[in-house]
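J.: Dumping the structure here so I can ask a few things about it.
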Amino acid sequence: MKDSLLIFSLFCISLVTLAQEKAKFKKQEYWVKSIAPSAFPILDNVYTQGTYFKIAPNILLAEKNLKRDFFNIKGFIKNQENNDLKIYVDIQTIDLIKQVQDSTFDNQTRKYYPTAKVYFKVNIAYEVKIKNQVLWRNDYVASENIHYTNGKGSFIQYEKDATSEFGDQIENIADIALKKIQEQLNQKVGYYLQDSKETFFWLTNKEHPEYSQMLAFENEMNSQLSAVNYERGLNRMQLLVHLGYLESLLTKYQSSKENEKIRFIVANNLAQAYFLLEDKTKGLYYADLLIKNGFRESYGFELINKYKNLEVLAGKTRTHGNRFGELSKLGYKLQQEEALQKEEAKQAFFEKIARDESDWEQEKVIRSNQIEQFKINWFKLIDSSSFQNNADILHKVIQNLGGASTLKGIEKIHTTSQYKFEDSNIPVFEDKWSLAFTNFLLKKRMPDNYLFVINNVEAWKHDDRVRGEKWKKISTSEYTENIDKLLPIYLLTGIRFDLWNKLEQQTERFINDKLCWHLSFTEKEMSSQNRIIPKQEYHFYFDKTDYSLVSTETIFFEDGKKISKERKIFTDYRETSALNNGKLPHRIQYQVEDYFGESFFEEIIEKVEINSGFSNRIFIKEVYIGGFK
């Protein structure tokens, strides 16, 4: 009996030994498509992201450009207006640390040019949030450097607080830092497609007792791996029988020198299969077993390093899914919506042009009627002064200016003035041209040019000091307020004849040591509370001796409250032959009270031309050539 047991034991050992000797195998590599998922499973069904910046006041960066360039997170669609994943970036510090003299070699000129290697300290805090939940918060603190030259071939020294000297270099430093942060975000938050190389080992000797079942597993893996794509991985249910069989082999073939090859094949294939099935726990277990087996343990270390950071979620596949298909659909949908918005915006643009053209045609009619009525009222006022309000004063004023026929004959005027300001030596010169009821041009040099143009129903202004569009159309209300400038006599005298019949006589006053007639008018408007409130108040003071205009006062209101006041005193009256020896002022003193306090300045009229030899060409020369559009 003992002999029989001994013979049976030796037979079993010989079979295992034979199996070990016959464990010949081959290596086969597969390229497997999969998705490298985010570290946060909550983002698996989130597809849009946007970035919000907070920039320290002393850092000169354009937030609009930063939002345009950052961030581009893999596996997300950048949508600044409507997003679920929000990235908040706080750019706290970009400070100059030091600079080192350096040089660069120009291959074209074959010369070295001095440059500065400038080092900056960068401190940027950022956090990732979804639905007010902070997923990740981090601080980027680093020293970044760039080469910088002034282009003049000389090295420049900068003070530490002179950050504005760097200009674009600050933007370059921010760009470098934010690109590194983007890499960190992609590693932590992003989803990206990958093709990984996976290695399996298959028995090749048909005499091995495990060959047939190992071949069945091999065929199943070949079939499934050939069908794996980014949306679909391995079918776990169809592999359960094969995996259970492989696990039983590790019990059947105990750890020993003789069994190291078969155990190597089994442990490697189990580790690979479980990692592909996202069973990280079992995958790491069999990878560790592969190392302990002692035969080609480098494969075990490689698998652990490859899959130790695999983010898994129980009961859910994360390395395969329809994420990128959904992204494609969403991207197409957003493109369609954007195209629709552009089309709607385009349609709205042309509709606005059509409305503007229609409104402008109506506006031209209104302005033409205003000019015509303005002209009718003027001639009516002159021709029948005795029937107008304050007729005696009006008649004397007209006679002092040369008479009704003289005033009616004024068709065009040109004046040149110089302004003198207190506490300022800046020269300001002003030219005014006016063609009765058709054109007006104000050209002011201070020393930048300022133009105000009325060309019949069109009106524009131009300011060299303004950035961007220098020419600007004036509004309807502004046009109405300046229509009086189409009456040349107003520019010569300062008398608002268009308001005459609205003026009421007030108590006489002494102005500039002269007893004066006092005429006034208050323009009113309706407030938002449906109350009548003052808008503008006009006062005119005429000398009772010669009926020349001594002074005017204009008071401006906002919401019924006085906000500013402008007072003018007219002096240095001189006889003018073109007005039948009528007298015109050649010196005007201004006193302005507003939010900034009181200011005083003086206008000296150096030249007065009446009905001189210019015509519409002055507007072509001064305005239309070289910029008026």
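J.: Taking the conditions exactly as written (open to solvent by 60 Å² or more (accessible area, probe 1.4 Å), assigned to a strand (DSSP E or B) and farther than 23 Å from Gln187 by Cβ), does Tyr113 satisfy them or not?
T.: Judged against the criteria, Tyr113 is a match.
J.: With polar (S, T, N, Q), assigned to a helix (DSSP H, G or I) and under 19 Å from Leu276 (Cβ atoms) as the only criterion, which of Ser223, Ser248 stands out?
T.: Ser223
J.: Which residue, of Ile454, Ile393, is touching a Phe, Trp or Tyr at 6+ places or on another chain (Cβ under 7 Å) and in a helix (DSSP H, G or I)?
T.: After applying the criteria, what remains is Ile393.
J.: Quick one: which strands (runs of 3 or more DSSP E) sit completely within the range 458-525 and have at least 3 residues that are closer than 23 Å to Asp392 by Cβ?
T.: 504-511
Residues checked against (1) in contact with a Gly (Cβ under 8 Å, 6 or more places away or on another chain); (2) under 25 Å from Glu311 (Cα atoms); (3) part of a helix (DSSP H, G or I); (4) at pLDDT 90 or above:
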| position | (1), (2), (3), (4) |
| --- | --- |
| Ser212 | no, no, yes, yes |
| Phe217 | no, no, yes, yes |
| Leu239 | no, yes, yes, yes |
| Leu243 | no, yes, yes, yes |
| Arg263 | no, no, yes, yes |
| Ala271 | yes, yes, yes, yes |
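J.: Quick check on my filter: what residues within the range 235-260 are touching a residue at least 24 places away in the same chain (Cβ under 8 Å) and either surrounded by 22 or more Cβ atoms within 10 Å (Cβ to Cβ) or among the polar types (S, T, N, Q) (or both)?
T.: Ser255, Asn259
J.: Separate question: What about Gln399, is it farther than 27 Å from Arg574 by Cα and either under 59 Å from the mean Cα position of the chain (by Cα) or part of a helix (DSSP H, G or I) (or both)?
T.: No.
J.: Do you know which of the residues in the range 546-573 that are open to solvent by 20 Å² or more (accessible area, probe 1.4 Å) and assigned to a loop (DSSP other than H, G, I, E, B) is nearest to Thr493 (Cα to Cα)?
T.: Selected residue: Tyr547.
J.: Between residues in the range 565-588 that are of a type in the set (Phe, Trp, Tyr) and residues that are open to solvent by less than 60 Å² (accessible area, probe 1.4 Å), which pairs lie under 6 Å by C-beta distance while being six or more apart or on different chains?
T.: Phe570/Leu549; Phe570/Pro585; Phe570/Ile588; Tyr573/Ser548; Tyr573/Pro585
Residue-wise test of (1) among the β-branched types (Val, Ile, Thr); (2) within 30 Å of Glu326 (Cβ to Cβ); (3) in a strand (DSSP E or B); (4) open to solvent by 50 Å² or more (accessible area, probe 1.4 Å).
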residue: Tyr30; (1), (2), (3), (4): no, yes, yes, no
residue: Ser34; (1), (2), (3), (4): no, yes, yes, no
residue: Ile42; (1), (2), (3), (4): yes, yes, no, yes
residue: Asn45; (1), (2), (3), (4): no, yes, no, yes
residue: Thr51; (1), (2), (3), (4): yes, yes, yes, no
residue: Phe71; (1), (2), (3), (4): no, yes, no, no
residue: Lys74; (1), (2), (3), (4): no, yes, no, yes
residue: Asn83; (1), (2), (3), (4): no, yes, no, no
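The values are calculated or read from the model by the stated rules, or taken from the named source; none is laboratory data. It should be emphasised that the depicted structure is a prediction, and the values quoted were computed from it without experimental measurement. Here Cβ is always computed from backbone atoms with ideal geometry, including for glycine, and neighbour counts include all displayed protein chains. Note: accessible area is taken over every heavy atom of the protein model, side chains too, but ligands, DNA and RNA are not part of it. Shrake-Rupley method; radii C 1.70, N 1.55, O 1.52, S 1.80 Å.
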